[in-house]
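Remarks on the structure that follows.
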Amino acid sequence: MIFGYLGGFWYLSVYFLLLVVINPLNRFLNKLTDSRTFLALIIVVIFISVLFKFTLFLSLGRDAINAATIFVGYLLGGYMRKFNPLQHVKSRYLWAGIIMFIAYYMLAHEFLARVLHVWSFDAKPAVGFFIGYPGYVLAAIIFALFMRLKFSSKSVNSLAGTTLFVYIFHVGAPFDFFFQTATYLYAHVIPSWGLTGFGLDVAFMGSLLGYVLVVFLLGALAGYGYNLAAKHVKSWFAKIGVMI
């Protein structure tokens with residue numbers, strides 16, 4: 001798509017498209033006062049994405065499917081925020097739903113790898129067209145839980161504005177560098193410690209967690225830097241009478 005030359009950043013393409021249509025889209029969504037109409041819109045978008053996938057003359061490849069799922073996610077977030085359909089569901093049931101989803105993904109992976117003999121790297125029950133959409137149910141549950149929390153810390157709230165750069169760091173060239181570093185540590189450095197069994201598992205989880213934290217922190221710092229620069233650019237344009 002638009003940013004394919006950057007290494008397949010389909011998300012950047014959809015993010016850019018979402019920014020272009022965000023204002024008219026929000027005005028349209030704000031006019032939907034009936035929850036059933038809003039939910040029907042989400043179902044229609046899902047149905048259209050199915051056509052993109054399975055109708056030959058409409059097939060636009062994987063990136064088109066990803067684009068549709070992003071819009072489904074945005075609409076679902078708006079639906080949850082506007083109507084809060086899970087507001088009467090007790091938190092313990094929501095937590096139980098999250099645990100069930102995690103258990104499903106773990107058991108599904110084991111089933112794919114051990115019973116169907118799918119290569120472990122490809123046995124990803126959370127990825128794919130048929131099982132990607134049910135993941136939005138999990139996202140809705142988590143969203144409902146977070147809406148019940150009161151974050152007073154500005155630093156915590158500001159992290160939301162850095163997620164785009166966290167994504168870029170986890171999928172682009174920086175990701176590969178840090179991933180290769182973590183892989184080297186686990187494959188060549190940690191074995192020299194003489195660990196076995198549970199100790200080796202802990203070392204693996206430690207290297208994985210360290211990789212995640214480094215990518216997250218660098219991505220967040222890049223996001224903060226971008227937001228700060230954007231704030232000054234907007235201020236400068238405002239002084240000359242141009243609103244962006």
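The values are calculated or read from the model by the stated rules, or taken from the named source; none is laboratory data. This structure is a prediction, so every number in the text was calculated from the model and none was measured. Quick note on the areas: whole protein, heavy atoms, side chains included, nothing else; ligands and nucleic acids left out. Shrake-Rupley method; radii C 1.70, N 1.55, O 1.52, S 1.80 Å.
When the residues of the range 73-129 are narrowed to those that are assigned to a loop (DSSP other than H, G, I, E, B), aliphatic (A, V, I, L, M) and more than 22 Å from the chain's Cα centre (by Cα), which ends up modelled with the lowest pLDDT? Break it down stepwise before answering.
Pass one, the range 73-129, residues assigned to a loop (DSSP other than H, G, I, E, B): 84-90, 116-128.
Still in the list and also aliphatic (A, V, I, L, M): 86, 89, 116, 118, 123, 126-127.
So of that shortlist, the ones also more than 22 Å from the chain's Cα centre (by Cα) come out as 89, 116, 118.
Details: Val89: 92, Leu116: 79, Val118: 72.
Here the answer is Val118.
Only helices (runs of 4 or more DSSP H) whose full extent lies in the range 146-234 are considered here, and the ones with at least 2 residues that are open to solvent by less than 60 Å² (accessible area, probe 1.4 Å) and within 30 Å of Pro85 (Cα to Cα) are 163-171. Scanning the range 136-155 for residues being closer than 19 Å to Tyr224 by Cα and at pLDDT 75 or above gives a total of 2.
With respect to Leu39, is the statement that it is open to solvent by less than 100 Å² (accessible area, probe 1.4 Å), at pLDDT 80 or above, assigned to a loop (DSSP other than H, G, I, E, B) and not basic (Lys, Arg) true? No. From the set of residues in the range 192-204 that are at pLDDT 80 or above and of a type outside the set (Gly, Ala, Ser), which is nearest to Ala160 (Cα to Cα)? The selected residue is Val202.
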